[in-house]
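The structure appears right after this line, and notes come after that.
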Amino acid sequence: MTDMIVDSAPASGRVARKRAEVRRKLLLAGFDLVGQHGLDAFAVADLTEAADCSKGAFYSHFANRDEFIAELIAHGVETVGVALDRHGAGLPGDEALAVGLRYSLTLAQQQPRWGRFVAAVAGSARPTYTGLGERLASDIARAHAEGRLDYRDAQAVLLLASGTFLAAVIGSGLDMLRPGTPNEATRHLLIGIGVQADRALALTTASLPILIFDSVLVSSLDVSIR
């Protein structure tokens with residue numbers, strides 16, 4: 001009887017590890033499929049084939065495709081966004097905006113698979129899957145309230161910032177960005193939406209933060225690479 005109890009713990013641990021590995025393989029396969037084809041251009045069968053597992057394995061982890069996509073977004077976008085939110089909470093609005101854009105674009109440059117994924121999510125017909133636009137709008141509104149931005153049309157400013165971000169992450173996925181592009185794109189954007197040129201230069205040449213987040217899809221930015 002004692003032997004049976006002792007043996008059950010390792011077996012339970014193996015089952016848990018196997019389940020975790022299947023879930024990880026599904027998420028990694030979905031990460032690449034979204035980056036290559038978009039959020040809505042693949043079926044569960046495509047996903048399970050790419051992950052080399054059964055449909056039954058998929059449905060033992062996720063109730064449906066939408067639940068799977070939501071977890072992909074949580075691991076692939078929200079984990080980075082939350083870390084940036086936490087860091088930017090105590091910063092002036094224009095600095096939080098600059099850090100968020102530079103960090104995201106540099107991360108996309110270092111990890112092109114992530115850039116392709118984020119571009120697909122940001123350009124999807126279901127924007128409720130991501131808070132990228134809301135985060136940009138929040139930083140812009142805060143900077144304006146603090147007197148650091150001067151504009152008449154908030155929506156136009158948001159479109160300009162969103163367009164810069166989307167163009168850059170698409171470019172990162174196509175290997176079009178040079179080492180200094182994230183900083184320069186952010187600097188020109190800041191100047192374009194009302195930040196003084198010397199302030200924009202200072203914000204885009206400062207060291208980027210070391211952020212810690214937990215994801216099976218994206219790693220923290222290596223800030224030693226310039």
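The values are calculated or read from the model by the stated rules, or taken from the named source; none is laboratory data. Note that this is a predicted model, so its numbers are computed, not measured. Quick reminder, even Gly has a Cβ in these numbers, built from the backbone with ideal geometry, and neighbours come from all protein chains shown.
Some points to look at:
- Among (1) part of a helix (DSSP H, G or I); (2) within 22 Å of ALA70 (Cβ to Cβ); (3) modelled with pLDDT under 90 - the single one SER138 does not satisfy: (3)
- Residues satisfying the stated conditions in region 175-219, i.e. within 30 Å of ALA70 (Cα to Cα) and without any contact (Cβ under 8 Å) to a residue 24 or more places away in the chain: MET176, ILE210
- Taking region 44-99 as the range and being part of a helix (DSSP H, G or I) and among the hydroxyl-bearing types (Ser, Thr, Tyr) as the test, the residues that pass are THR48, TYR59, SER60, THR79.
- One residue stands out among those in region 192-207 that are surrounded by fewer than 16 Cβ atoms within 10 Å (Cβ to Cβ) and among the hydrophobic types (A, V, I, L, M, F, W, C): the one that is farthest from GLY76 (Cα to Cα), which is ALA197.
- Among all positions in region 90-97, there is no residue which is touching a Phe, Trp or Tyr at 6+ places or on another chain (Cβ under 8 Å) and crowded, with 19+ Cβ neighbours inside 10 Å.
- In region 189-226, the residues that are over 18 Å from GLN110 (Cα atoms), hydrophobic (A, V, I, L, M, F, W, C) and not in a helix (DSSP H, G or I): ILE193, VAL195, ALA206
- Test: residue in region 101-120 that is under 28 Å from GLN36 (Cβ atoms), without any contact (Cβ under 8 Å) to a residue 24 or more places away in the chain and either small (Gly, Ala, Ser) or out of contact with any Asp or Glu (no Cβ under 6 Å at 6 or more places or on another chain) (or both): no
- Checking each residue in region 24-38 for being more than 17 Å from VAL216 (Cβ to Cβ) and in contact with a helix residue (DSSP H, G or I) (Cβ under 6 Å, 6 or more places away or on another chain) picks out only GLY38.
- Residue within region 72-84 that is buried (at least 19 other Cβ atoms within 10 Å of the Cβ) and more than 28 Å from LEU190 (Cα to Cα) present: yes
- Residue in region 125-135 that is farthest from the chain's Cα centre (by Cα), counting only those that are at pLDDT 75 or above and surrounded by fewer than 18 Cβ atoms within 10 Å (Cβ to Cβ): GLU134
- Any hit, region 24-39, residues being in a loop (DSSP other than H, G, I, E, B) and either touching a strand residue (DSSP E or B) at 6+ places or on another chain (Cβ under 6 Å) or acidic (Asp, Glu) (or both): no
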